[in-house]
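The next block holds one structure in the form of structure tokens; read it before the comments.
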Amino acid sequence: MKEFGIGLLGFGTVGTGVVEGLRRNGDLIASRLGVRPVLRSIGTRNPTRDRGVPVAPAKISANLESVVDDPSVDIVVELMGGKDAALTMTRRALARGKPVVTANKALLAEHGAELFRLAAEHNTDIYFGASVGGGIPIIRVLREGLVANRILSIHGILNGTCNYILTRMEQEHLPFDAVLREAQDNGYAEADPAFDIDGIDTAHKAVILAWLAYGVHIPLNQVLVEGIRNLSAADIRYGADLGYRVKLLAVVKRHDDGAVEVRVHPAMVPRDHMLASVHGVFNAIMVQGDLSGRGVFYGRGAGREPTASTVIGDIGDVMKNLLGGSARRFRATPGAESVPLLDRGQARTRHYLRLALRDRPGTLARITAALGNHGISIASVLQQEQGTGDHVPVVIVTHECRERECQAALQEIAGLDVAGSEPVRIRIEE
Ligand code: NDP
Ligand code: HSE
């Protein structure tokens, strides 16, 4: 049977999962595909560290170039993460005409355009199935299964670490830091967990989804990104009282005038919404196509084996391409359209606002007037009798309004001298 040599860069959570997956299911994969992936060499920073995965020491080195350049390596699998060595080695592999499989969303979100051009120049491919959704083959769904559709919207829970933290905070009433440590211990979190909790990882994935859906590489700095670092247990509880769960959501959609909107932020979603019942490390992506209607793709969004499953699936595709001489089945700029971006201030949602207000006559009237001054209509108000000191918590849910109007109203409220602390604002996504 024809064999293809695999050169692996990075031998951490996902890298060890891929080696173990190939070892465990290599025969099955070969029997299904008619070609066999064979691990030839591994490049990693600390080659002598024991990873609990049996690999001949001679196969592992710290010399990344030697892995990429190894003539017996047909496919380079980049699982180091980051944008330094990963970028250099990906460029090097593509320049040698070697296909690259990667799970590195940061690399693709920030250098995707360049790397896809380079792959095209050298008549080879980059496969990136595990860069979004971990074990959920959503990239394949968008590129192939839904190719007939205009994508109207994508709503995604795309970060396992954040979803794990939010679920544990809500269900077990655990503090943020303790739950983050659990997610790190389970191998879900990025090397720098700030990427997870500050929404950057989700934004990288949203940029990739927007690219697949609309054919545009949206610069990260044009995406509205807010993370979960400042979410409090109190807001999760008030949200629950109002019938919502708090999720870190990526929203990618196209408006009737053609403008594309991409935003990432904590959002309250109604408890009976399908995304509200996505718990723990699970991810889910709800895609609305003009022909397919709405579909939800659900599974483990992070972790060693689920991610390895998708990486190995990509290796399978690349081997079939090499076997059939059919590289470049997918275009680097799907759609190749020039698409305007929606101005951030124009995004429309409902809002949950929590204010700590002085418990004095007329305070609430001043707040509602400030909201009214910016055309914001109130859907409900909840005031607790007890607060801290002179202040009581007031929760306001608005009807839909623009981002810009909400910000202006909050600024006006901050200047009123009735609020005890920064207002909390969480968008509501129905
Ligand atoms: P880890 O931190 O667990 O592993 C990274 C590996 O790469 C380590 O073996 C490390 O070396 C090696 N490495 C990092 N930098 C270098 C360098 N400059 N030179 C040589 N080796 C280097 O990361 P993960 O396995 O979790 O993630 C890998 C990629 O997969 C990332 O892009 C991540 O975003 C993505 N991903 C991860 C998921 C997950 O659940 N963990 C899910 C989906 C995608 P050493 O160990 O020798 O020090
Ligand atoms: N750190 C990421 C997460 C890994 O928690 O979802 C998967 O991309």
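With r as the distance between the Cβ atoms of residue 24 and residue 48 and R0 = 30 Å, compute the FRET efficiency 1/(1 + (r/R0)^6) and round to 0.05.
Values: r = 24 Å, r/R0 = 0.81.
Computed FRET efficiency for residue 48 and residue 24: 0.80.
Starting from a Cα-only point model with no solvent, please compute log10 I(q)/I(0) by Debye for the range 331-430 at q = 0.12, 0.22, 0.25 1/Å.
So the normalised log intensities work out to -0.44, -1.13, -1.38.
I need 231, 33, 248, 174 ordered by Cβ neighbour count within 10 Å, fewest first.
Working: 231 22, 33 18, 248 26, 174 15.
The fewest-first ordering by Cβ neighbours comes to 174, 33, 231, 248.
What is the calculated FRET efficiency for residue 143 to residue 294, with r their C-beta to C-beta distance and R₀ = 22 Å, to the nearest 0.05? Don't jump to the answer; show the numbers that get you there.
Values: r = 19 Å, r/R0 = 0.86.
Given R0 = 22 Å and the Cβ-Cβ separation, E is 0.70.
At 7 Å along the Cα-to-beta-carbon direction for both residue 257 and residue 229, put a label point, then send me their distance in nm to one decimal.
In this crude spin-label approximation the distance works out to 3.4 nm.
Could you please state, rounded to a whole Å, how far the C-alpha centre of the range 382-430 is from the C-alpha centre of the range 204-280?
Rounded to whole Å, the Cα centres lie 20 Å apart.
Compute the helix-to-body angle for 403-414: its Cα long axis versus the longest principal axis of the chain, expressed 0 to 90° and rounded to tens.
Helix 403-414 and the main axis of the chain meet at about 50 degrees.
For labels at residue 330 and residue 277 in the simple 7 Å Cα→Cβ model, what's the distance in nm?
If labels sit at residue 330 and residue 277, their model points lie 3.0 nm apart.
Using helices alone, what [θ] at 222 nm do you get for the chain, with -39,500 (n - 2.57) per DSSP H run of 4 or more residues, divided over all residues and rounded to the nearest 500?
Numbers: 12 runs with 150 residues, N = 430.
Result for the chain, helices only: -11000 deg cm²/dmol.
Which order do 1, 268, 286 fall in if you start with the one that has the fewest other Cβ atoms within 10 Å? Please report the intermediate quantities before stating the final value.
Details: 1 8, 268 29, 286 19.
Final ranking by Cβ density, sparse to dense: 1, 286, 268.
Sorted from largest down, what three extents in whole angstroms do the Cα atoms of the chain have along their principal axes?
81, 47, 34
Which stretch or stretches of the range 239-269 have amide N atoms under 17 Å from the point lying 7 Å from residue 346's Cα along the Cα→Cβ direction?
Answer for the range 239-269: 252-263.
Output the antiparallel fraction of DSSP beta bridges having both residues in the chain, as a percent to the nearest 5. Could you put the intermediate results ahead of the total?
On the way: 50 of 74 bridges.
Antiparallel bridges make up about 70 percent of those DSSP assigns within the chain.
May I ask you to list the lysines whose Cα is less than 18 Å away from that of residue 320, ignoring any residue fewer than eight positions away on the same chain?
2, 98
Counting other beta carbons within 10 Å of each Cβ, put 41, 66 in order, fewest first. Present the calculation step by step, with values, prior to reporting the outcome.
Values: 41 21, 66 13.
Lowest count first: 66, 41.
Relative to the longest principal axis of the C-alpha atoms of the chain, give the angle of the C-alpha long axis of helix 200-214, reported between 0 and 90° and rounded to the nearest 10°.
Computed tilt is about 70 degrees.
Against the longest principal axis of the chain, how steep is helix 85-95, in degrees 0 to 90 to the nearest 10, with axes from Cα atoms?
In the chain, helix 85-95 runs at an angle near 50 degrees to the longest axis.
Throughout, read-outs are computed from the coordinates displayed, never taken from laboratory work. For clarity, every value in this text was computed on a predicted model and none was experimentally measured. Reconstructed Cβ throughout: ideal geometry from the backbone, glycine too, with neighbour counts over all protein chains shown.
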